[in-house]
Amino acid sequence: QVYGDYEVLKPIGKGKFAIVYRAQRISDGLIVALKRISVDMMDNKAREKCLKEVRLLQSLDHTNIIRYMDSFISDNDLVIIVEWAAAGDLKRQLRKAQEKGIGFEERIIWKYFAQICEAIKHMHEKRIMHRDLKPENILLNDRMHILITDFGSAKFLKDKYNINNNR
């Protein structure tokens, strides 16, 4: 299956309206994640939420936040392209470690914690609150660096809120 310049390789996750695939950009062979959202099955509120997610992703540029690459409409589907996180999500990594009977080294825990904090700091500087941060929404790339994802519940904060206020 082909969407624009992207060939679907295999499904990797499914939600209420969306399926996420591992895909390859045809023009250069780059592996990406392709999220296909069936917008024709949604009401207007759900459609607006999808468009908000795209706008949020477009506004964020940080090494520890999944990188937005492209989005377009194809056959009544909204297609969002983001960078590929080869090592999967943190929940999977934790489960694999538990099955092997090993934990994460303390230095790795602190490394991940610091990267998550840096990503959250960047979001807050852009006046964005994630609102659904959990191990399933924390991905790892092939260098085992944190990538925050899933901005479907995120919210742009109005000026009257000051999330950087320490009072």
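The values are calculated or read from the model by the stated rules, or taken from the named source; none is laboratory data. Keep in mind that what you see is a predicted model, and the values were worked out from it rather than measured. All Cβ positions, even for glycine, are placed from backbone atoms using ideal geometry, and neighbour counts span all protein chains on display. Remember, those area values only see protein heavy atoms, side chains included, never the ligands or the DNA or RNA. Shrake-Rupley method; radii C 1.70, N 1.55, O 1.52, S 1.80 Å.
Sorted into 5 angstrom bins from 0, the C-alpha pair distances of region 60-129 split as 3, 13, 15, 19, 18, 14, 9, 5, 3, 1 percent. In terms of overall dimensions, the C-alpha atoms belonging to the chain reach 47, 46, 29 Å along their principal axes, ordered largest to smallest.
Can you send over the carbon and sulfur percentage of the accessible area for region 47-110, probe radius 1.4 Å, protein chains only? For region 47-110, the apolar C and S fraction of the accessible surface comes to 49 percent. When the charge dipole of the chain is built from unit charges on Cβ atoms (+1 for Lys and Arg, -1 for Asp and Glu) and taken about the Cα centre, the candidate among C50, H124, N141 whose Cα reaches farthest toward its positive end is H124.
Listed peptides 106-113, 22-29, 57-64 appear in the order 57-64, 22-29, 106-113 once ranked by packing, highest mean of other Cβ atoms within 10 Å at the front. Taking θ as phi - 60° and the Karplus parameters 6.51, -1.76 and 1.60, the scalar couplings of region 11-26 work out to x, 10, x, 9, x, 4, 10, 10, 10, 10, 10, 7, 9, 10, 6, 5 Hz in sequence order, x denoting glycine and proline. Summarising the label geometry, the points placed 7 Å from Cα in the beta-carbon direction at R127 and D142 lie 3.9 nm from one another.
Quick check: from the Cα gyration tensor, does region 13-66 come out rounded (a/c under 1.5), prolate or oblate? Oblate is the answer for region 13-66, as a/c is 1.5 or above yet b/c matches or exceeds a/b.
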